[in-house]
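> Once you've had a glance at the structure underneath, I'll fire off some questions.
The values are calculated or read from the model by the stated rules, or taken from the named source; none is laboratory data. Note that this is a predicted model, so its numbers are computed, not measured. Glycine gets a Cβ as well: all are built from the backbone with ideal geometry, and neighbour counts include every protein chain shown.
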Amino acid sequence: MTGQTAPAAPSQGVSVDVPAKINPHLGVGDARADGYHALSTVYQAISLHDTVTAVKRGEPGIEITISGEGAGELPTGEDNLAHKAAKLIALYAGIEPDVKLHLNKRIPVAGGLAGGSADAAGALIACARLWDVEIGDAELHRLAAGLGSDVPFCLKGGAAIGTGRGEELTPVQAKGSWHWVVATTDTQIATPECYKEVDRLREDGIGRYSRDVDPIVKAFEAGADADTLARLLVNDMEAAAVSLRPQLASLMHGGLEEGALAAHVSGSGPTVLFLATDVKHSVALARRIRMRGGARSVHLAHGPVNGPAA
Ligand code: ATP
C-alpha cells in the first residue's frame, strides 16, 4: 500500500499472514513522562505467523472468531486488538464497519512474540483491502502506532531498528537468515508486569540501558554467522522475566546444555529463543529440547522474513 487504492478484495475475502517478531537486541531505558519506557531495539520478523481473514458480514458490525493459540481464552469483542484495528480503519475511511474477522493463531499468546500486535496489523491491512480504503504508508503507520508499540513493525516485517517506544522504525537490510528454536512455557507474562519488574530491579541497582544497537545492526548487514550473532544478543528485560518466572532459568540452561549457541528471552518473555548454527542444527536442537521437557511447545523458525505489507 503506497498511497494507491488497495487491490480489490476477492469475493471470498482477504487473507493476510503476519509474522511474529523477536528482538535480538532489546534495550530498555527509563520510564518516560507518558508512562512508556524508552526503547532501543532491533526487531526481526520470524517464520511463525498468524493468519487474519476478513470477509463481509453483509450487515454493520465487527465479528471475531479465533482458532489455534488462545482460542476460547482471548476476547472476541472490543478488547481484541484486531477489533480495535478494524474499527480504526472504518473510522479513518468514514464508513460503517462490516466484517467477519477470523484469526488463525499460531503465535503463542502473551509470550513476548507480539501475537496481538500481529493480528492488529493483519486486520488493518485486510480491512483496508476488503473495504477498498485508499490509505498511504505514513497514515497506516500512524494508525498502527496508535494501536500498540509493536504494531508498526508487524506491518513491515523484515528487520528494523525501533526507537521511541519501539514504534519509530529504521529498516535494516539484513543479509543473512538465522535459525531459532522457539520454546514456549506454561506461564504467561503480561508486558506491563515485566516493565514493572525491570523498574524494581533498577531501583536495586540491577540492570542498565543497552542503548547501542550498532554492533548487532552491523552483524545483520554483514550477514554474520550465528556464532557472531550469539555473542551480540541483548535483552534488558531478561533478568526481570527470569525473576518473575524462575523456571525460565532452567529452560535456558537446558537448551544451552543441548548445544544451543545462545538462549535469549523473547521480549518480555516467557518464550525462550535458542539460536542454532543452521537449519539442520535447529531440527536436532528442537528434538533434544522437546525430549528434555520443561517447554509447553517447541517450534522451528527462521528470520528475517517479509511482513504482510512488504
Ligand atoms: P507484546 O510482546 O507485543 O507486548 P505479547 O506477545 O507478550 O505482547 P500478545 O500475544 O500480544 O502478547 O498478548 C497480550 C495480551 O493482549 C493477551 O493476553 C490478550 O489479553 C490481549 N489481546 C488482545 N487481542 C489479542 C489478539 N488478537 N491476540 C493475542 N492477544 C490479544
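> Please enumerate the residues belonging to region 147-191 that are in a strand (DSSP E or B) and of a type in the set (Phe, Trp, Tyr). Step through it out loud before you land on a result.
Step one: list which residues in region 147-191 are in a strand (DSSP E or B), which gives 157, 159-163, 168-171, 178-184.
Within region 147-191, TRP178, TRP180 qualify.
> Answer yes or no as to whether ASP214 is among the charged types (D, E, K, R), more than 16 Å from the ligand (Cβ to nearest atom), more than 24 Å from GLY115 (Cα to Cα) and under 22 Å from the mean Cα position of the chain (by Cα).
yes
> Checking GLU134 against (1) assigned by TED's automatic domain parsing to the domain that holds SER250; (2) more than 16 Å from the ligand (Cβ to nearest atom), which test does it fail?
Unmet for GLU134, out of (1) assigned by TED's automatic domain parsing to the domain that holds SER250; (2) more than 16 Å from the ligand (Cβ to nearest atom): (1).
> Mind checking which residues of region 53-81 are touching a residue at least 60 places away in the same chain (Cβ under 8 Å) and either within 9 Å of the ligand (Cβ to nearest atom) or more than 14 Å from GLY13 (Cα to Cα) (or both)? Reasoning before the result, please.
Within region 53-81, the subset touching a residue at least 60 places away in the same chain (Cβ under 8 Å) is 53-56, 81.
Of everything in region 53-81, just one residue is touching a residue at least 60 places away in the same chain (Cβ under 8 Å) and either within 9 Å of the ligand (Cβ to nearest atom) or more than 14 Å from GLY13 (Cα to Cα) (or both), namely LEU81.
> With under 21 Å from SER149 (Cα atoms), of a type in the set (A, V, I, L, M, F, W, C) and within 22 Å of the chain's Cα centre (by Cα) as the only criterion, which of ALA241, ALA263, ALA226, ALA219 stands out?
Just a single option satisfies the conditions, and that option is ALA241.
> Here's a follow-up. Has region 279-291 got any residue that is more than 16 Å from the chain's Cα centre (by Cα), farther than 23 Å from GLY115 by Cα and not in a helix (DSSP H, G or I)?
No, region 279-291 contains no residue that is more than 16 Å from the chain's Cα centre (by Cα), farther than 23 Å from GLY115 by Cα and not in a helix (DSSP H, G or I).
> Among LEU101, LEU88, LEU26, which is the only one that is closer than 30 Å to VAL217 by Cβ and out of contact with any His (no Cβ under 7 Å at 6 or more places or on another chain)?
Of the residues listed, the single one that is closer than 30 Å to VAL217 by Cβ and out of contact with any His (no Cβ under 7 Å at 6 or more places or on another chain) is LEU26.
> Another question, then. Evaluate the following for ALA159: is it within 15 Å of the ligand (Cβ to nearest atom), in contact (Cβ under 8 Å) with a residue 24 or more places away in the chain, assigned by TED's automatic domain parsing to the domain that holds PRO60 and buried (at least 22 other Cβ atoms within 10 Å of the Cβ)?
Working: within 15 Å of the ligand (Cβ to nearest atom): no; in contact (Cβ under 8 Å) with a residue 24 or more places away in the chain: yes; assigned by TED's automatic domain parsing to the domain that holds PRO60: yes; buried (at least 22 other Cβ atoms within 10 Å of the Cβ): yes.
When the stated conditions are applied, ALA159 does not pass them.
> Name, by its number, the condition in (1) farther than 30 Å from LYS280 by Cα; (2) assigned to a helix (DSSP H, G or I) that does not hold for LYS218.
That leaves (1) as the condition not met.
> Considering region 82-100 alone, what residues qualify as being in contact (Cβ under 8 Å) with a residue 40 or more places away in the chain, in a helix (DSSP H, G or I) and more than 24 Å from the chain's Cα centre (by Cα)?
Matches in region 82-100: ALA90, TYR92, ALA93.
> Could you check region 118-137 and list, in sequence order, the residues that are assigned to a helix (DSSP H, G or I) and over 11 Å from VAL14 (Cα atoms)?
Those that are assigned to a helix (DSSP H, G or I) and over 11 Å from VAL14 (Cα atoms): ALA118, ASP119, ALA120, ALA121, LEU124, ASP137.
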